[in-house]
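Heads up: the structure comes next, in structure tokens.
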Amino acid sequence: MTAANQSEAPRQDAAATVERRWGAVCVGILGILVFLATFAGVHQATMPQARVETVDPTTLHIAGEFIESNLGSAVEPDGSVTVRLVGQQYSFTPQCILVPTKTLVTFRAASAEVVHGFLIQNTNVNLMLVPGYVSTISARFAAPADSLMPCHEYCGTGHEAMWAHVRIIEKAEFLKLARQRRRLTCVAE
Ligand SMILES: [Cu+2]
């Protein structure tokens, strides 16, 4: 060993020690990230929905909660309103959703085939419709309004044409209509 090499050795040892420490830090960070992702996924069941409720997308239109005659808005015995809707390539059913002001409204939505987005403009209502699962969200609307409901998850070549209307009307007016029909929409007949 030459004199020059001897003087290099302590510096190389010091560098190797520092590199090992940083290596351990990086592995530690990766370990924390993997733990957090596993915890969120397994323990809190955050994928694909916080509340997991399944539905068969292949029989949506034939049987069960999401058959066409059951879609739209319905007043529940407790006075709240449930809205059921389906997203499919490339439209929503119903095409116009009618909801009352100052009432707890729960949306229950399902997709017939691919992932769609459900969003009501200027509100916090924003969901993914994942095939095989029922997506739910509750909201209250303060004042009458006409809103757009565009699909905001790319779902195929007709995606940009996929949107519906949401009409928020006064509660009294809504309840009057609800006495005449079991399921309400604002689709023109
Ligand atoms: Cu879509």
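Given the criterion within 16 Å of the ligand (Cβ to nearest atom), assigned by TED's automatic domain parsing to the domain that holds Lys176, without any contact (Cβ under 8 Å) to a residue 12 or more places away in the chain and more than 22 Å from Leu184 (Cβ to Cβ), identify the matching residue among Glu160, Glu113, Glu153.
Glu160
Just to be sure I understand, how many residues within region 64-110 are among the charged types (D, E, K, R), farther than 23 Å from Phe141 by Cα and touching a residue at least 40 places away in the same chain (Cβ under 8 Å)?
1
Using the structure shown, decide if Val105 is away from the ligand (no atom under 16 Å from the Cβ) and either in the same structural domain as Glu160 (by TED's automatic domain parsing) or over 25 Å from Ala172 (Cα atoms) (or both). Working first, answer last.
On the way: away from the ligand (no atom under 16 Å from the Cβ): yes; either in the same structural domain as Glu160 (by TED's automatic domain parsing) or over 25 Å from Ala172 (Cα atoms) (or both): yes.
Against the criterion (away from the ligand (no atom under 16 Å from the Cβ) and either in the same structural domain as Glu160 (by TED's automatic domain parsing) or over 25 Å from Ala172 (Cα atoms) (or both)), Val105 qualifies.
Scan region 76-102 for residues that are away from the ligand (no atom under 14 Å from the Cβ) and of a type outside the set (A, V, I, L, M, F, W, C) and jot them down. Break it down stepwise before answering.
Initially, region 76-102 is screened for residues away from the ligand (no atom under 14 Å from the Cβ), giving 76-84, 94, 96-102.
Matches in region 76-102: Glu76, Pro77, Asp78, Gly79, Ser80, Thr82, Arg84, Pro94, Pro100, Thr101, Lys102.
Please specify each residue of region 163-189 satisfying the condition of being assigned to a helix (DSSP H, G or I) and either within 16 Å of the ligand (Cβ to nearest atom) or of a type outside the set (A, V, I, L, M) (or both). So that I can check it myself, show each step before the final result.
Applying the first criterion (assigned to a helix (DSSP H, G or I)) to region 163-189 yields 171-180.
Those that are assigned to a helix (DSSP H, G or I) and either within 16 Å of the ligand (Cβ to nearest atom) or of a type outside the set (A, V, I, L, M) (or both): Lys171, Glu173, Phe174, Lys176, Arg179, Gln180.
Mind checking whether some residue in region 107-120 is touching a helix residue (DSSP H, G or I) at 6+ places or on another chain (Cβ under 7 Å), of a type in the set (Ser, Thr, Tyr) and more than 22 Å from Asp56 (Cα to Cα)?
No; the residues of region 107-120 include none that is touching a helix residue (DSSP H, G or I) at 6+ places or on another chain (Cβ under 7 Å), of a type in the set (Ser, Thr, Tyr) and more than 22 Å from Asp56 (Cα to Cα).
Select, from Arg140, Arg181, the only residue that is surrounded by fewer than 15 Cβ atoms within 10 Å (Cβ to Cβ) and free of Cβ contacts under 8 Å to residues at least 12 places away in the same chain.
On the way: Arg140 fails: free of Cβ contacts under 8 Å to residues at least 12 places away in the same chain.
From the options Arg140, Arg181, the qualifying one is Arg181.
List the number of the failed condition for Val130; all other conditions in (1) modelled with pLDDT under 95; (2) crowded, with 17+ Cβ neighbours inside 10 Å; (3) away from the ligand (no atom under 16 Å from the Cβ); (4) among the aliphatic types (A, V, I, L, M) hold.
(3)
The values are calculated or read from the model by the stated rules, or taken from the named source; none is laboratory data. Here the structure is a predicted model, which is why all the values come from computation and not from measurement. Cβ atoms come from the backbone with ideal geometry, glycine included; neighbour counts cover every protein chain shown.
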